[in-house]
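Here the structure is laid out as structure tokens; the discussion comes afterwards.
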Amino acid sequence: MKLRYFSHSAFQLITNAGKRILIDPFLDENPTSPVNSKDVNADYIVITHAHGDHLGDSFKIAERCKSIFICVNELAEYCKSKGYNAHNMHIGGSHNFDFGKVKFTIAHHGSMTPDNKYGGPASGVVISADGKSVYHTGDTGLFYDMKLIGEVTPIDYMLVPIGDNYTMGITDAVKAVELVSPKNAIPMHYNTFPVIAADPNQFKKLAEGKGIKTRVMDYGEEIDL
Ligand code: NI
Ligand code: MN
């Protein structure tokens, strides 16, 4: 499986069988994204919550690629109300798709759609495919139950926000990776806007000091998991 990072919280997983799973594709209005939404394809689009910097360009991409949304029930219903296909899930639930398994987790955050409708609770997501599990925390503050998430599903890659203000900052993000104990941590949700400026290498230094291998991905970089 491959993991591609577009910046902010936008990632794409590409399975060995070629299935493309896009997560929180905030691209065209994202000053740090090296790619435009028209150049990104998706079979599935996972949205952690309805804020504009996560729902992003997903409708444009879904329109073109006939992608299927995977999100919590309220947000899935919102996507359906706009004419898109969605698989409704909810926190704590998992489901096997043709590419692998998706499980939703809690996240301490809000979720309002761009047209000011309630998007259901914010979530995180664990995606397991090709023998690897990736935990995208979504936007969240630190919570102790992260420990359970890592105990129930050993995590290979944890994608963790470090930008502060709306989410965990570096200090709490280091605690978060200690709780989950993933094989690798990847920082996200930083430097997109001045208010979430953070140094990913400072996070790397502190997380590695706690024994968590950390990879700072470049914007547009793709790695083999
Ligand atoms: Ni948010
Ligand atoms: Mn956000």
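The values are calculated or read from the model by the stated rules, or taken from the named source; none is laboratory data. All figures in this text were calculated on a predicted structure; none of them were measured in a lab. Reconstructed Cβ throughout: ideal geometry from the backbone, glycine too, with neighbour counts over all protein chains shown. SASA here: full protein model, heavy atoms, side chains in, ligands and nucleic acids out. Shrake-Rupley method; radii C 1.70, N 1.55, O 1.52, S 1.80 Å.
Overview of results
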| quantity | calculated |
| --- | --- |
| Options Glu63, Glu74: the member that is open to solvent by 60 Å² or more (accessible area, probe 1.4 Å), in contact (Cβ under 8 Å) with a residue 24 or more places away in the chain and at negative phi | Glu74 |
| Those residues of the stretch 125-181 which are within 16 Å of ligand 2 (Cβ to nearest atom), in contact with a Gly (Cβ under 8 Å, 6 or more places away or on another chain) and more than 21 Å from Val72 (Cβ to Cβ), in sequence order | Ile162, Gly163, Gly169, Asp172 |
| Qualifying helices (runs of 4 or more DSSP H) (wholly inside the stretch 108-225; at least 1 residues being within 16 Å of ligand 1 (Cβ to nearest atom)) | 170-180 |
| Failed criterion for Ile155 (all others in (1) within 19 Å of Thr48 (Cβ to Cβ); (2) open to solvent by 70 Å² or more (accessible area, probe 1.4 Å) hold) | (2) |
| Search result, residues across the stretch 106-124 that are in contact with a Gly (Cβ under 6 Å, 6 or more places away or on another chain) and free of Cβ contacts under 8 Å to residues at least 40 places away in the same chain | His108 |
| Test: residue in the stretch 83-103 that is of a type in the set (Lys, Arg) and over 17 Å from the mean Cα position of the chain (by Cα) | no |
| Count of the stretch 171-197 residues which are open to solvent by less than 20 Å² (accessible area, probe 1.4 Å) and more than 13 Å from Lys213 (Cα to Cα) | 7 |
| Candidate set from the stretch 1-30 (those that are among the aliphatic types (A, V, I, L, M) and part of a strand (DSSP E or B)); member that is farthest from ligand 1 (Cβ to nearest atom) | Ile14 |
| Residue match in the stretch 87-105 (condition: farther than 23 Å from Ala185 by Cα, crowded, with 21+ Cβ neighbours inside 10 Å and within 16 Å of ligand 1 (Cβ to nearest atom)) | no |
| Condition met for Gly52 (within 16 Å of ligand 2 (Cβ to nearest atom) and either touching a helix residue (DSSP H, G or I) at 6+ places or on another chain (Cβ under 8 Å) or acidic (Asp, Glu) (or both)) | no |
| Any hit, the stretch 33-44, residues being under 21 Å from Met112 (Cβ atoms), without any contact (Cβ under 8 Å) to a residue 60 or more places away in the chain and open to solvent by 30 Å² or more (accessible area, probe 1.4 Å) | no |
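This table checks each residue for (1) of a type in the set (A, V, I, L, M, F, W, C); (2) closer than 23 Å to Asp145 by Cα.
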| position | (1), (2) |
| --- | --- |
| Ser7 | no, no |
| Ile23 | yes, yes |
| Leu75 | yes, no |
| Tyr84 | no, no |
| Pro114 | no, no |
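Yes/no per residue for (1) farther than 23 Å from Gly110 by Cα; (2) more than 14 Å from the chain's Cα centre (by Cα):
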position	(1), (2)
Met1	yes, yes
His8	no, no
Asp24	no, no
Pro34	yes, yes
Ile45	no, no
Asp53	no, no
Ser58	no, no
Arg64	yes, yes
Leu75	no, yes
